[in-house]
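The structure appears below as structure tokens.
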Amino acid sequence: MTEQTYCDRLVQDTPFLMGHGRLSEQQVDRIILQLNRYYPQILSNNDAEKFRNPKASLRVRLCDLLGHLQRSGERDCQEFYRALYIHAQPLHSRLPSRLALQNSDCTELDSGTVGRELSDRGPVAFLACLGLAAGLALLVYCCPPDPKVLPGTRRVLGFSPIIVDRHVSRFLLAFLTDDLGGL
């Protein structure tokens, strides 16, 4: 399969992007402003005003913008995709051209999916780790000290309330006061 250019991808993605409710007016305005501010050679001030005209419907403005970018060239289409990624990342990941690239076993790294892989674990994994840490802390505090095993543990844990908030430190110090007297 030959590699698609950004212009080819934009032609393929235009019907999807034109779908009702895909892009909000704010997202389109942000994309236009980014292309105008950072790349004034892509969208001049007059072009940006034309594509942001509130008298025209969003669908007409978006259609005109996409047509303008397709006629402008490869680099302009590439910058559109960059702006789309910044301002509408969930939509960017569902584009038909991206799905076709993923299905064709493309070996390019996608920075968008790498970022999501780290956050897929969600709040349950965080709470599980937090529970494990709290359980270990309670185990160390509640078990009777064995002088042969970890003799400095109580001393190190005695300084941990310095780092913790003052409300929590009162409770931790209350548990440790009996054990620290023997050190």
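The values are calculated or read from the model by the stated rules, or taken from the named source; none is laboratory data. Computed from a prediction, not measured in an experiment: that's the story for all the values here. Reconstructed Cβ throughout: ideal geometry from the backbone, glycine too, with neighbour counts over all protein chains shown. The accessibility values were calculated without ligands, DNA or RNA, using every heavy atom of the protein model including side chains. Shrake-Rupley method; radii C 1.70, N 1.55, O 1.52, S 1.80 Å.
Before moving on, here are some points about what is shown:
- Of all residues in the stretch 19-52, those satisfying the criterion of being part of a loop (DSSP other than H, G, I, E, B) and either of a type in the set (D, E, K, R) or open to solvent by less than 20 Å² (accessible area, probe 1.4 Å) (or both) are ARG22, LEU23, ILE42, LEU43, ARG52.
- Of the helices (runs of 4 or more DSSP H) lying entirely inside the stretch 83-144, the ones with 1 or more residues being modelled with pLDDT of 70 or more, within 30 Å of ASN36 (Cβ to Cβ) and aliphatic (A, V, I, L, M) are found at 89-93, 96-103.
- Identity of the residue in the stretch 1-18, assigned to a helix (DSSP H, G or I) and among the β-branched types (Val, Ile, Thr), that ends up nearest to the chain's Cα centre (by Cα): THR14
- The stretch 54-101, residues that are exposed (fewer than 14 other Cβ atoms within 10 Å of the Cβ), of a type in the set (A, V, I, L, M, F, W, C) and touching a residue at least 40 places away in the same chain (Cβ under 8 Å): ILE86
- Count of the stretch 53-72 residues which are assigned to a loop (DSSP other than H, G, I, E, B) and in contact with a helix residue (DSSP H, G or I) (Cβ under 7 Å, 6 or more places away or on another chain): 1
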